[in-house]
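Data block below; observations after.
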Amino acid sequence: MLSALGLASGHDLALFMLAVLVLNATPGVDLLLTLSRTLRGGVGSGVAAALGINAGCIVHALAAALGLAALLAAWPPAFMAIQWAGAAYLLWLGAGLWREAWRGSANARASADGSAALPAWSADFRAGLLTNLLNPKVALFFVAFFPQFIAPQAAHQVQAMLALGALFVVQSTLFLLAVVAVVAVVALRASSLAGSPRCARWAKAIGGALFLGLALRLAAARPLAA
């Protein structure tokens, strides 16, 4: 079955899945966004963000299989355009968290009397999708990492890339959904602390700072470093 798809041996495939797990568990934009949306809007928001992130991964997998990601790596202006757009979006997310932290007391009062509604899940999905799509290093990762697990001289390179992409997306989705579940349980048990307006404001301020740091790191990235 593996050889028919052009994939390497079962041992290599197990190594691939382990590497993907390590990648998913490494703190980065996707993990941070899932955490922040879950803490901010609950399970529904976290799930929506996780699904948006992996919708972006599906697009990257298709681009890698069709050779579009390789074109991105070979054409620095395209890489830089997406890179700066992604950095700007992360800056916008970070600034939004800082703004919410600054206006925390007013937001808390509005939420308490029901005059302000929680953000729609579609916004969380869109945030996950855009943070993933606007990170060109994800596309370059697919191009650099996936071919190592495809059998040499495989007759069906595109199918093999798509199969690895599907495995990546399935594991990434399950991992982020598990993160959402764990964070929701921890937040529920610590509801008295999490409900403190001061604590909520500090959490948003720290989250904003982390997003700004990730934006600067993305802006400084280069194609060969991905």
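Going by how many other Cβ atoms sit within 10 Å of their own, how do Thr173, Thr34 line up, fewest first?
So the residues, fewest neighbours to most, are Thr173, Thr34.
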> What is the packing order of peptides 158-171, 19-32, 133-146, taking the mean over residues of other C-beta atoms within 10 Å and listing the highest first?
Replying inline: 133-146, 158-171, 19-32
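Any read-out appearing in this document is the output of simple, stated calculations on the displayed coordinates, not a laboratory observation. Remember, predicted model here, so these are calculated numbers, not experimental data. Backbone-built Cβ (ideal geometry, glycine too); neighbour counts: all protein chains shown.
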